[in-house]
1. Tell me what the chain gives for mean residue ellipticity at 222 nm when only DSSP H runs of n ≥ 4 count, each as -39,500 (n - 2.57), the sum divided by the residue total, rounded to 500 deg cm²/dmol.
2. Run the numbers on the chain and let me know its relative contact order in percent, using alpha-carbon pairs under 8 Å that are six or more apart.
3. If I take R0 = 41 Å and measure r between the Cβ atoms of Leu170 and Lys72 in this structure, what FRET efficiency does the formula 1/(1 + (r/R0)^6) give, to the nearest 0.05?
4. What Kirkwood Rh does segment 179-269 have if only Cα atoms enter the pairwise 1/r average? Answer in Å.
5. How large are Rg and Dmax for segment 83-123 when only the alpha carbon atoms are used, in Å?
6. If each Cα of segment 24-175 is one equal point scatterer, what is log10 of I(q)/I(0) from the Debye formula at q = 0.10, 0.18 Å⁻¹?
7. Please compute, for the alpha-carbon atoms of segment 48-120, the extent along each of the three principal axes and give them in descending order in Å.
8. Using a Förster distance of 41 Å, how high is the FRET efficiency between Glu11 and Ala213, based on the Cβ-Cβ distance and rounded to 0.05?
Amino acid sequence: MPKIHSTALVEPGAEIASSAVIGPYCTVGAEVVIGENVELVSHVVVSGRTTIGEGTKVYPFASLGLPPQDLKYRGEPSRLEIGRRNTIREHVTMNTGTEGGQMVTRVGDDGLFMIGVHVAHDCIVGNRVIIANNVLMAGHVEVADYAVLGGGSAIHQFTRIGKLAMIGGLSAIGADVLPFTTALSGGTGRNGQIVGLNIVGLRRAGYTREDIANLRDAFRLLFSGDAIAEQKALMVERWPDSAPISDVAAFLDTISSRGLVRPGDDVEV
């Protein structure tokens, strides 16, 4: 039997795994599914069609699965799917999806969501991300595996953050950020600017010196002309067997309507 505190309110119909813990003053809606070894510490609200994967821990005053903050939303039966072993700290908000985003907001596995993070409707967040305090993700944002978003950063709707990218604290990002790069606000780019590779992240993830050197050369080639598609083709031709460069090429295959964050004028990647 799950351990449910006497002050918690669990609506009939909620599916709660036998090893789950529902702490004091939590509220769990009728359509919620909570997996094994999930812990809601206290004062957590889980609503709507929300699924929380095994081993996830949710801290006080987090709000998960309430309706999207989208004026087009008309009560359609959208969902929030949270993966396994996530840490969701105090005052985090994650909303359900909308009809304009395949009806689902999805969070992967093993993520850390620090205090005050907002994950808006239709966001797709990958595995092993680190999202620092008070990060704001607008609707339809995509954050790939191993990305790190610095505290207080804000990500414009429909923007994509690539694998192992790092966003500096207090940055406003309004266009797609390439995998393996570090991006900040400022410079001449109104949507942010690339300031280099995420060298620390690459090393920690086990990429070799050769991988890093090839990425640096590939980005110099990519931004050496205005026609990104042509430069991408040259990049793939030159490094056909490089896994990280293949990741970059795949990311470039689907640039969003927001465009691409580029290096600052005084930055050499």
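1. -4500 deg cm²/dmol
2. Values: 798 pairs, mean separation 24.3, N = 269.
Here the relative contact order equals 9 percent.
3. Working from the Cβ atoms, E equals 0.85.
4. 13.6 Å
5. When restricted to Cα atoms, segment 83-123 yields Rg and Dmax of 10.6, 29 Å.
6. After summing over all Cα pairs, the log10 values are -0.29, -0.98.
7. Computed over the Cα atoms, the extents are 31, 21, 15 Å.
8. 0.15
Each reported figure results from applying straightforward, stated rules to the coordinates on display, with no laboratory input. Since the structure is predicted, the reported quantities are computational estimates derived from the model, not experimental observations. When we count neighbours, we look across all protein chains shown, and the Cβ atoms used for this are built from the backbone with ideal geometry, even at glycine.
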